[in-house]
1. Take the residues in the range 55-64 that are touching a helix residue (DSSP H, G or I) at 6+ places or on another chain (Cβ under 9 Å) and not β-branched (Val, Ile, Thr); name whichever of them is most open to solvent (accessible area, probe 1.4 Å).
2. Pairs, please: C-beta under 6 Å, at least 6 apart or cross-chain, first residue open to solvent by less than 70 Å² (accessible area, probe 1.4 Å) and in the range 31-49, second aromatic (Phe, Trp, Tyr) and part of a helix (DSSP H, G or I)?
3. Return yes when Phe13 is in a helix (DSSP H, G or I), modelled with pLDDT of 95 or more, over 30 Å from Asp109 (Cβ atoms) and aromatic (Phe, Trp, Tyr) and no when it is not.
4. How many residues does the range 9-35 contain that are under 23 Å from Val87 (Cα atoms) and in contact with a helix residue (DSSP H, G or I) (Cβ under 7 Å, 6 or more places away or on another chain)?
Amino acid sequence: MKSRESLIKLKRFQVDEKRRQLTQIESMIADFQVMADELDAQIVSEQKRTGIEDIGHYAYSTFAKAAAQRRENLITSIEDLDKQRTVAHDALSEAVEDLKKVELLAERDMAKSKLEADWAEQEDMDEIANQRHRNG
């Protein structure tokens, strides 16, 4: 029973860790999306300031070009993180299933132990009753 309790604690820790990882990835995605949106706004602002929206124009703002490149890098990172999120979500689901299996086994063991204890108690009571009947 002690090893089963340790296993349950380990599985719960693993579930918590997987949840933390998933939450961290989701937070990073949200942060990167906010940064990408801010860069979009900066690009539009710079284009309005300079009056040039054509990226191919020779006088297009180098600041806007650099901001667009940073934005593209963020979008690529978001796509990579989204893949990691899928993997982390699957890992969390698997860890939760493992925990449930171990908890069910522990419940089954406890029910079996209780049933065995009840049977032993009933046998003791039956023995006492038989002795009283013989002596009685």
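1. Phe63
2. Every condition considered, the pairs that remain are Glu46/Phe63.
3. no
4. Of the residues in that region, 14 qualify.
Yes/no matrix, rows are residues, columns are (1) touching a residue at least 40 places away in the same chain (Cβ under 8 Å); (2) outside any helix (DSSP H, G or I); (3) surrounded by 12 or more Cβ atoms within 10 Å (Cβ to Cβ):
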site	(1), (2), (3)
Val87	no, no, yes
Ala91	yes, no, yes
Ala106	yes, no, yes
Leu115	no, no, no
Ala120	no, no, no
Asp124	no, no, no
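The values are calculated or read from the model by the stated rules, or taken from the named source; none is laboratory data. Everything numeric in this text was worked out from a predicted model, so none of it was measured. Glycine also receives a Cβ, built like all others from the backbone with ideal geometry; neighbour counts cover every protein chain displayed. Just the protein is used for accessible areas: all its heavy atoms, side chains included, with ligands, DNA and RNA removed. Shrake-Rupley method; radii C 1.70, N 1.55, O 1.52, S 1.80 Å.
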